[in-house]
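Shown next, in structure tokens, is the structure this report addresses.
The values are calculated or read from the model by the stated rules, or taken from the named source; none is laboratory data. Quick caveat, the model's predicted, so the values are computed rather than measured. Neighbour counts are summed over all protein chains in view; Cβ atoms, including those assigned to glycine, are modelled from backbone coordinates with ideal geometry. With ligands, DNA and RNA removed, areas are computed over all heavy atoms of the protein, side chains included. Shrake-Rupley method; radii C 1.70, N 1.55, O 1.52, S 1.80 Å.
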Amino acid sequence: MTALKNDLFLRACKRLPVERTPIWVMRQAGRYLPEYRAVRKKADFMTMCKTPELAAEVTLQPVDLIGVDAAIIFSDILVVPEAMGMELEITEGKGPVFPHPIRNEADAKKLKEIDPGQELKYVLDAVALTKKELNQRVPLIGFCGSPWTLLTYMVEGQGAKNFSIIKNFIYNQPALAHALLDKITRVTADYLNAKIQAGVDAVQIFDTWGGLLSPHDFETFSLPYMEKIIRRIRPKDIPVILFAKGVHFSYPKLVESGADVIGLDWSMEIGAVRKLTGDKVALQGNMDPTVLYAGHEYIRGEALRIMRSFGHGSGHVFNLGHGILPDVPPENLKALVRCVKEESAQFHGSASK
Ligand code: 1CP
């Protein structure tokens with residue numbers, strides 16, 4: 001039994017009956033909110049991540065201001081390589097940069113195999129404090145980057161245009177790539193388990209760069225490592241969401257990954273994915289984030305279209321197909337959340353469609 005006042009999100013992840021469809025959005029604690037920018041003015045990004053009071057404050061903002069059905073702990077996927085010893089700079093406008101990327105055996109040797117309970121204790125403290133401040137209002141999601149997506153940043157050093165450095169790396173030094181992926185996998189599994197112990201109610205694996213790979217390479221360099229992480233998650237019944245962007249060719253394989261929920265980008269109709277995956281997993285998504293630039297009526301129409309496409313029954317967590325963009329007016333996200341809350345009951349229970 002859960003003590004949560006609103007556990008719609010957790011029930012939908014497990015495809016249990018719900019009264020209405022839950023909604024949260026990726027990157028909901030972020031720059032589109034003036035209240036986030038006000039906190040960010042006082043502290044740089046890593047200081048925010050490493051100060052539990054600030055991380056908890058911005059994690060709660062979208063719950064209080066927007067009314068989402070789940071919180072996601074404020075942090076970043078790149079805190080893991082930083083904890084493993086890589087210097088990380090996150091500067092306004094430029095995005096994250098590793099000034100000393102990994103390019104060879106000697107660079108790789110410098111990576112420390114860490115105990116997340118020590119080196120990432122600040123995240124665990126932020127989780128515990130956030131759980132307390134949430135006071136059981138909504139579930140808290142913990143997350144990590146997939147080993148492949150983390151390796152991409154660690155080798156490229158920064159957001160890239162054509163990803164030639166990481167591609168060169170995996171094709172010319174495949175053994176080193178796999179050794180690194182293994183190392184990141186071990187640390188990441190321990191990290192997620194530590195977050196679960198600290199109090200998160202569900203976890204999401206972000207494979208933002210899975211879609212850079214061909215189907216064969218995705219199944220060589222990304223999917224097996226995410227499956228290893230999922231197999232190691234304890235307790236086993238914690239909902240696991242796997243969000244891999246740009247990999248609709250692999251959805252039937254993702255169903256077998258052990259994840260409870262597959263996160264979708266907007267490249268396929270959610271109803272078509274539901275047919276393809278045969279209701280074996282829940283689906284999360286999948287509104288194009290740029291729809292939030294449109295007027296409220298358009299946003300409502302699109303939200304309804306997606307809910308109709310999924311159809312009747314539990315197993316849908318409403319979300320965007322990727323992170324909310326920094327220049328979206330918060331009012332537009334509020335309109336989306338209102339619409340999902342007001343209109344989704346018709347897709348549940350015995351109510352007719
Ligand atoms: O200046 C600032 O305030 C920093 C902007 C920012 C923010 C708000 C960064 C730097 N990270 C975050 C928070 C963040 N990152 C969260 C918070 C929780 C929430 O969702 O509300 C999460 C889940 C992430 C995850 C993350 N970081 C991903 C995976 C999700 C995705 O969007 O694909 C990735 C790829 C990153 C790397 C990263 N960190 C920051 C930026 C700007 C980026 C993207 C860089 C790029 O485009 O390559």
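In table form, for the structure just shown:
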quantity	calculated
Residues of the chain: accessible area per residue with a 1.4 Å probe, Å²	40
With DNA, RNA and ligands ignored, accessible area of residue 331 (1.4 Å probe; Å², nearest 10)	90
Net charge dipole size for segment 152-196 [Lys, Arg +1 and Asp, Glu -1 on Cβ; Debye, nearest 20]	80
Pair-distance profile P(r), taking every C-alpha pair of the chain, with 10 angstrom steps and integer %	5, 26, 36, 25, 7, 1, 0
Surface share of carbon and sulfur [accessible, 1.4 angstrom probe, percent] for the chain	53
In degrees, nearest ten, helix 52-65 long axis to first principal axis of the chain (Cα)	30
DSSP bridge pairs, segment 8-352: antiparallel proportion in percent, nearest 5	15
GluC sites (Glu not before Pro) within segment 17-88: DSSP coil, no more than 14 neighbouring Cβ in 10 Å	19, 87
Area accessible to solvent at residue 255, 1.4 Å probe radius, in Å²	20
Residue 64 paired with residue 256, simple spin-label distance in nm, labels 7 Å along Cα-to-beta-carbon	4.7
Pair residue 327, residue 249: separation of 7 Å Cα→Cβ label points (nm)	3.3
Helix 147-156 vs. the chain, principal-axis angle (Cα, 0 to 90°, nearest 10)	50
Where labels lie 7 Å past Cα in the beta-carbon direction, separation of residue 110 and residue 35 in nm	4.1
Entries in 110/280; 132/341; 236/275; 161/228; 121/341; 14/245 that, when Cα-Cα distance is taken, lie over 31 Å	110/280; 121/341
222 nm mean residue ellipticity, helices alone, for the chain (DSSP H n ≥ 4; -39,500 (n - 2.57); rounded to 500)	-13000 deg cm²/dmol
Additional length obtainable on full extension of the chain from residue 19 to residue 346, 0.36 nm per residue less Cα span	116.8 nm
Fluctuation leader among 21, 290, 152 - the chain, Gaussian network, Cα springs under 10 angstrom	290
Backbone N within segment 35-62 under 13 Å of label point (7 Å from residue 132 Cα along the Cβ vector)	52-54, 56-57
Extension gain, residue 158 back to residue 94 (0.36 nm per residue minus Cα-Cα distance, nm)	22.1 nm
Lys, Arg +1 and Asp, Glu -1 on Cβ, resulting dipole of the chain about Cα centre, debye, nearest 20	500
Accessible area of residue 112 in the full protein assembly, 1.4 Å probe (Å², nearest 10)	100
Degrees between helix 121-134 axis and first principal axis of the chain (Cα, 0 to 90, nearest 10)	10
Dipole magnitude of segment 142-253, debye to nearest 20 (Cβ charges: Lys/Arg +1, Asp/Glu -1, about Cα centre)	120
